[in-house]
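> Starting off with a structure, shown below.
The values are calculated or read from the model by the stated rules, or taken from the named source; none is laboratory data. Computed from a prediction, not measured in an experiment: that's the story for all the values here. As a convention, Cβ positions derive from the backbone with ideal geometry for all residues, glycine included, and neighbour counts pool all protein chains shown.
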Amino acid sequence: MIRSLQKFGRSNKRKWIAILAARNFRTLRAKQSQTRYTKILSVSPYGIQKRRFAESSAPHGEGKNFLSDTRKFFDGAASLCQVNPGILKILEECRTVFRITFPFRDDHGNLHTVYAYRAQHSHHRLPVKGGIRVSEEVDLQETMALAMLMTWKCACLDVPFGGAKGGIRLNPKQLSPREMEKVIRSYATELICFQVIGPGIDVPAPDIGTGAREMAWVRDQYQMMHRWDTDGAGVVTGKPREVGGIDGRTEATGLGVYYALKHFFDRIADFRNDISVGLSGKTVVVQGFGNVGYHAAKYMSQDCKVIAIGEFNGFIHDKNGIDVEALHKHWLKNGTFQGYAKGTFSKDNLKVLECECDILIPAAKEMVINEGNMKNIKARVIAEAANGPTSYRAHKHLTQNGVLILPDMYMNAGGVVVSYFEWLKNLSHVRWGRLTKRMEGNRGHAIVSALKQVTTLTPKMEELIGQGASERDFAYSGLEDSMADALGQICTYAKEKNVDFRTAAMMNSINKVARVWDLNSSAFI
């Protein structure tokens, strides 16, 4: 009996070692998962190895407060609208939500599971539209909230899309270009295989952590899998011009912020009599120096004095005004404002929001103006270039204290407006201005020649009259007209209903979407 047990033990020795090792490994993984940003262990064909970057794919729920506040803003505006309660109930939720997991092998051979999402809020108009975000903070609730905001944004600017949003829960700064391409193409493949995206279904665009390069990969992946689709270039917007993008898309969101503030300050006397009309002489603070923040600061500095700019690792302040281009070059070279020759640098990055100024432009992330700092905000106008930068309670506190808040659904809609122009370009297969630029130029030169016979023209006037409109001219003109027209609608609601600008913009959007629902009806209602 003893010999039999000894024989049994020897024969199963390897099995017991394997079981104990697996148990120890599971225990270790469980302990490490309790801390979000700790290093993780991964299994590869070569055994247990350490990961280079932090685990950021575990399901979580940081976006719950953001989603809750988004719904509170909706509920407040909806209660003032004369809309069928059934339609309002439909618009409280996302119509379709996709939760995706896919394997990813990094450059070191380690295998990981990536969590990603795509939410489609409303199909009242197709395609739906929304960016793809790559960030450690992406989660399902955040994605749903951003999809809802996209519906209101498109309706606010009269862009004929429904709202959508996508996200991949990874830190893009810790991915090599090759790893990033594998992640984006894998995500795109999942969406394409399940017919989630397409030129007439759902059209993504860049967001935090993505840009023109990533959109080119999505377009290429779609066209590889849909060779027969001649409109395939329209599957995404924000692409490089070489693969179907539009001239003017890169700066569109920041330029839209400038156009919005320019037209708003022309009518500021309708809302506050202690602020002078026009942008001239106004002081500006910008939080966030990515694509949107940089271009907003660049264009605002033409008429205003930009006195502070912040990023995740600090901010720079100069009461005499910041040279935005010089600071941008320093930022691109060093990744920090520290060491910049002019102004005062501080590592307390969020304090930039509390600088005294006429116009505060939060252009980074959501919920940065909240209960913790709302009483320290000294700006007279807040222009929300980011999505959801102001919490519900902070919004209530600030508006009650006379701060004018221009909401995100309007302020940062410049990107989706020019994306719409890019999508139209892809479907028509012709560049804006290609058929008209020379004809308009020839007509303009003839007009200049006639005018010179009776008056004197400056070189700038000659150029303006005699030059045909380029693709960029079309994009800029259409963008400014869209921002000015939407502002007029919002201001009308604000004055007639005696509400703040966010509520006015939301009411305007809800009524437009509800009207489409009424006209469309449904076989299932």
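> May I ask you to list the residues in region 309-365 that are crowded, with 17+ Cβ neighbours inside 10 Å and of a type in the set (V, I, T)?
I309, I316, I322, V324, V352, I359, I361
Each row is one residue, and each column tells you yes or no for (1) in the same structural domain as M411 (by TED's automatic domain parsing); (2) touching a Leu at 6+ places or on another chain (Cβ under 9 Å).
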{"position": "G238", "(1), (2)": "no, no"}
{"position": "T250", "(1), (2)": "yes, no"}
{"position": "L255", "(1), (2)": "yes, yes"}
{"position": "H263", "(1), (2)": "yes, yes"}
{"position": "I268", "(1), (2)": "yes, yes"}
{"position": "F271", "(1), (2)": "yes, yes"}
{"position": "V277", "(1), (2)": "yes, no"}
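> Return the residues of region 380-395 that are surrounded by fewer than 21 Cβ atoms within 10 Å (Cβ to Cβ) and either within 20 Å of K262 (Cβ to Cβ) or assigned by TED's automatic domain parsing to the domain that holds K153 (or both); say none if nothing qualifies.
Answer for region 380-395, where residues must be surrounded by fewer than 21 Cβ atoms within 10 Å (Cβ to Cβ) and either within 20 Å of K262 (Cβ to Cβ) or assigned by TED's automatic domain parsing to the domain that holds K153 (or both): just R380.
> Still on this structure, I have one more. Among the residues of region 283-301, write down those that are surrounded by fewer than 24 Cβ atoms within 10 Å (Cβ to Cβ) and out of contact with any helix residue (DSSP H, G or I) (no Cβ under 8 Å at 6 or more places or on another chain).
Those that are surrounded by fewer than 24 Cβ atoms within 10 Å (Cβ to Cβ) and out of contact with any helix residue (DSSP H, G or I) (no Cβ under 8 Å at 6 or more places or on another chain): T283, G290.
> Give region 369-395 a look and list any residue that's farther than 28 Å from M144 by Cβ and in contact (Cβ under 8 Å) with a residue 24 or more places away in the chain, or say none.
Once the filter is applied, which keeps residues that are farther than 28 Å from M144 by Cβ and in contact (Cβ under 8 Å) with a residue 24 or more places away in the chain, region 369-395 yields K378, A379, R380, V381.
> Still on this model: So which pairs qualify, if the first residue must be in region 145-174 and without any contact (Cβ under 8 Å) to a residue 40 or more places away in the chain, the second must be surrounded by 24 or more Cβ atoms within 10 Å (Cβ to Cβ), the Cβ gap must be under 8 Å, and the two must be at least 6 apart or on different chains?
From region 145-174, the pairs are P172/V134; P172/T210.
> When region 493-518 is examined, which residues are found to be over 17 Å from Q82 (Cα atoms) and either free of Cβ contacts under 8 Å to residues at least 60 places away in the same chain or among the acidic types (D, E) (or both)? Explain how you work it out, then say what you get.
To start, the set of residues in region 493-518 that are over 17 Å from Q82 (Cα atoms) comprises 495, 500-502.
Correct list: D500 only.
> If you don't mind, another one. Check whether at least one residue in region 355-362 is modelled with pLDDT of 95 or more, in the same structural domain as F501 (by TED's automatic domain parsing) and touching a helix residue (DSSP H, G or I) at 6+ places or on another chain (Cβ under 6 Å), and report yes or no.
Checked region 355-362: at least one residue is modelled with pLDDT of 95 or more, in the same structural domain as F501 (by TED's automatic domain parsing) and touching a helix residue (DSSP H, G or I) at 6+ places or on another chain (Cβ under 6 Å).
> Next question. Mind listing just one residue for me: the one in region 302-333 that is in a strand (DSSP E or B), of a type in the set (A, V, I, L, M, F, W, C) and out of contact with any His (no Cβ under 8 Å at 6 or more places or on another chain) and, of those, nearest to G288 (Cα to Cα)? Walk me through it before giving the result.
From region 302-333, those in a strand (DSSP E or B) are 305-311, 314-317; that's our starting set.
The next check asks that each one be of a type in the set (A, V, I, L, M, F, W, C); those that pass are 306-309, 315-316.
Remaining after also requiring out of contact with any His (no Cβ under 8 Å at 6 or more places or on another chain): 306, 309, 315-316.
Working: V306: 13, I309: 7, F315: 9, I316: 11 Å.
Residue satisfying both the conditions and the ranking: I309.
> Any residue at all in region 213-223 that's charged (D, E, K, R) and outside any helix (DSSP H, G or I)?
As a first pass, look at region 213-223 and keep what is charged (D, E, K, R): 213-214, 219-220.
With the extra rule that they be outside any helix (DSSP H, G or I), the set shrinks to none.
No, region 213-223 has no match at all.
> Moving on. Among the residues of region 441-452, is any touching a helix residue (DSSP H, G or I) at 6+ places or on another chain (Cβ under 7 Å) and in contact (Cβ under 8 Å) with a residue 60 or more places away in the chain? Steps first, answer last, please.
As a first pass, look at region 441-452 and keep what is touching a helix residue (DSSP H, G or I) at 6+ places or on another chain (Cβ under 7 Å): 441, 444-445, 447-448.
Those still in the list that are in contact (Cβ under 8 Å) with a residue 60 or more places away in the chain too: none.
Among the residues of region 441-452, not one is touching a helix residue (DSSP H, G or I) at 6+ places or on another chain (Cβ under 7 Å) and in contact (Cβ under 8 Å) with a residue 60 or more places away in the chain, which makes the answer no.
> Taking region 224-251, which residues are surrounded by fewer than 17 Cβ atoms within 10 Å (Cβ to Cβ) and part of a helix (DSSP H, G or I)? First the steps, then the outcome.
Quick first cut of region 224-251, residues surrounded by fewer than 17 Cβ atoms within 10 Å (Cβ to Cβ) only: 224-231, 240-243.
Selection gives M224, M225, R241, E242, V243.
> Another question about this same structure. I'd like the full set of residues that are in contact with a helix residue (DSSP H, G or I) (Cβ under 7 Å, 6 or more places away or on another chain) and part of a strand (DSSP E or B), limited to region 133-151. Please lay out each step first, then the result.
Applying the first criterion (in contact with a helix residue (DSSP H, G or I) (Cβ under 7 Å, 6 or more places away or on another chain)) to region 133-151 yields 134, 141-142, 144-145, 148-149, 151.
The answer is V134, and nothing else.
> Can you report the number of residues in region 420-432 which are among the aromatic types (F, W, Y) and part of a loop (DSSP other than H, G, I, E, B)?
Of all residues in region 420-432, those among the aromatic types (F, W, Y) come to 420-421, 423, 432.
Subset that is part of a loop (DSSP other than H, G, I, E, B): 432.
Of the residues in that region, 1 qualify.
> What number of residues within region 290-314 are modelled with pLDDT of 95 or more and of a type in the set (F, W, Y)?
Counting residues in region 290-314 that are modelled with pLDDT of 95 or more and of a type in the set (F, W, Y) gives 2.
> Turning to a different aspect of this structure: Taking the stated definitions as given, is P127 at pLDDT 95 or above, out of contact with any strand residue (DSSP E or B) (no Cβ under 9 Å at 6 or more places or on another chain) and surrounded by fewer than 23 Cβ atoms within 10 Å (Cβ to Cβ)?
no
> Mind checking which residues of region 396-437 are surrounded by fewer than 20 Cβ atoms within 10 Å (Cβ to Cβ), farther than 26 Å from R241 by Cα and free of Cβ contacts under 8 Å to residues at least 60 places away in the same chain? Please lay out each step first, then the result.
Just the residues of region 396-437 that are surrounded by fewer than 20 Cβ atoms within 10 Å (Cβ to Cβ), to begin with: 396-397, 399-402, 424, 427-431, 433-437.
Imposing the further condition that a residue be farther than 26 Å from R241 by Cα reduces the set to 396-397, 399-402.
Across region 396-437, the qualifying residues are K396, H397, Q400, N401.
> Still on this structure, please answer the following. Any residue in region 330-342 that's more than 13 Å from G314 (Cα to Cα) and assigned by TED's automatic domain parsing to the domain that holds N313: show its pairings with residues that are surrounded by 11 or more Cβ atoms within 10 Å (Cβ to Cβ) and among the charged types (D, E, K, R) at Cβ separation under 8 Å, as long as the two are six or more apart or on different chains.
The qualifying pairs are K342/D318; K342/D323.
> May I ask you to list the residues in region 252-282 that are surrounded by 15 or more Cβ atoms within 10 Å (Cβ to Cβ) and among the aliphatic types (A, V, I, L, M)?
Selection gives A252, L255, V257, A260, L261, I268, I275, L279.
> Checking the structure you have, find out if any residue of region 172-192 is of a type outside the set (A, V, I, L, M, F, W, C) and within 16 Å of the chain's Cα centre (by Cα). Quick ask: steps written out before the conclusion?
Here is the first cut: in region 172-192, the ones of a type outside the set (A, V, I, L, M, F, W, C) are 172-174, 176-179, 181-182, 185-187, 189-190.
Cutting the leftovers down to within 16 Å of the chain's Cα centre (by Cα) gives us 172.
Yes; the residues of region 172-192 include at least one that is of a type outside the set (A, V, I, L, M, F, W, C) and within 16 Å of the chain's Cα centre (by Cα).
> Condition check: of a type in the set (A, V, I, L, M, F, W, C), modelled with pLDDT of 95 or more, surrounded by 15 or more Cβ atoms within 10 Å (Cβ to Cβ) and outside the structural domain of N511 (by TED's automatic domain parsing). Does I87 satisfy that? Can you show your working first?
On the way: of a type in the set (A, V, I, L, M, F, W, C): yes; modelled with pLDDT of 95 or more: no; surrounded by 15 or more Cβ atoms within 10 Å (Cβ to Cβ): yes; outside the structural domain of N511 (by TED's automatic domain parsing): yes.
No, not satisfied.
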